[in-house]
Amino acid sequence: MSHKISNELQNYSLLIFLGAVWAASFVAIKFSNEMFNPIEVGFYRTAIGALFLFFAVRLRKGTLSIYNENTKIYSLIGLLNAAIPFTLLPYGLISLPSNIGVIILSANPFLALVLAHFFTIDEKLSLRKVIGSIIGFSGVVFAVGAEILVSDLNSFIAALAIYIGASSYVISNLIIRRISNLPSDMVTMNTLCWGSIWLLPMMFIYGNFQNLNFSWQPFIALIYLGIIPTGLAFSLRQILIRNAGSTFMMQVGYIIPIFGVFYGWLLLGEEIGYSLIISVLLVITGIAISRIQVAKKNS
């Protein structure tokens, strides 16, 4: 019993950590957009993450080959988990503020619930999960306190781009389960390598290789994007999917906006009102309700 409680505590701790890291990535993307276009942000972020994990895998003497029996899966995950979202999210955040972006991202658990019900054996849809997701999403709205609707075509296209990129994450999570038994750093390294390969032709077309107005802030933000939210956090994400399932992991979409508001208070001097306190309670309640049914099935 104590072992089960310890595992649950680890899962929740990792979920919160990933929420904190990925919330900061929205700020980093905003800074990166000041010097790089979306294709460049996607390619450099993917390549930096792959290089970081290359050294990590080599340090522990793991397998480095991206051509093996899992090549097709690696390439598909690289497309869905890196190439598509890493370019669409920066594109969407050019026109939309980050708080709208995180609200759109928080719709991920709904899609995850539906897809997991049809494509997994152990993550079937239940009334508790639906109620938990609705409560959690309500917490996100309280936290961000922003208008969800967009009024012009550019904003609509940007919102659609963010949603497609976020949905791509959900689909890739289900595919990752097929190779979740493999070392997480090796899987993430291989998928990021393939993500870079997918984006390489686009770089030749849209990459700016001259007349670059260099600035340290966007450059450092891009390095951060590649190493922490990509190389490190994506490896930890695979561990969480393996231990708790893809629907549990996707509830990080509720936590990201909470940290986004916190970073606004910490870095920008924005006030924290009662709405944030209410949102935290709603998010925690939503996650707890959605996990009750899982706990019963495993007991």
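Bear in mind these aren't lab numbers, they're just calculated from the coordinates by the rules spelled out. Only a predicted model underlies this, so the values are computations on that prediction, with no experimental measurement involved. Every residue, glycine among them, receives a Cβ derived from its backbone with ideal geometry; neighbour counts consider all protein chains shown.
What does the charge count near Ser25 come to, summing +1 for each Lys or Arg and -1 for each Asp or Glu among other residues with Cβ under 13 Å from its Cβ? Residues near Ser25 contribute +3 overall. Restricting region 151-224 to chymotrypsin sites (Phe, Trp or Tyr not before Pro) that sit in a DSSP loop and have at most 13 other Cβ atoms within 10 Å of their own Cβ leaves Phe209, Phe214. Here the extension length gained between Asn68 and Ser155 equals 27.1 nm, from 0.36 nm per residue of separation less the Cα-Cα distance.
Under 19 Å from a label point set 7 Å out along the Cα-to-Cβ vector of Tyr206, the amide N atoms of region 67-84 belong to 78-84. Here is the list for region 1-52: GluC sites (Glu not before Pro) lying in DSSP coil, each with at most 14 other C-beta atoms within 10 angstrom of its C-beta, are Glu34.
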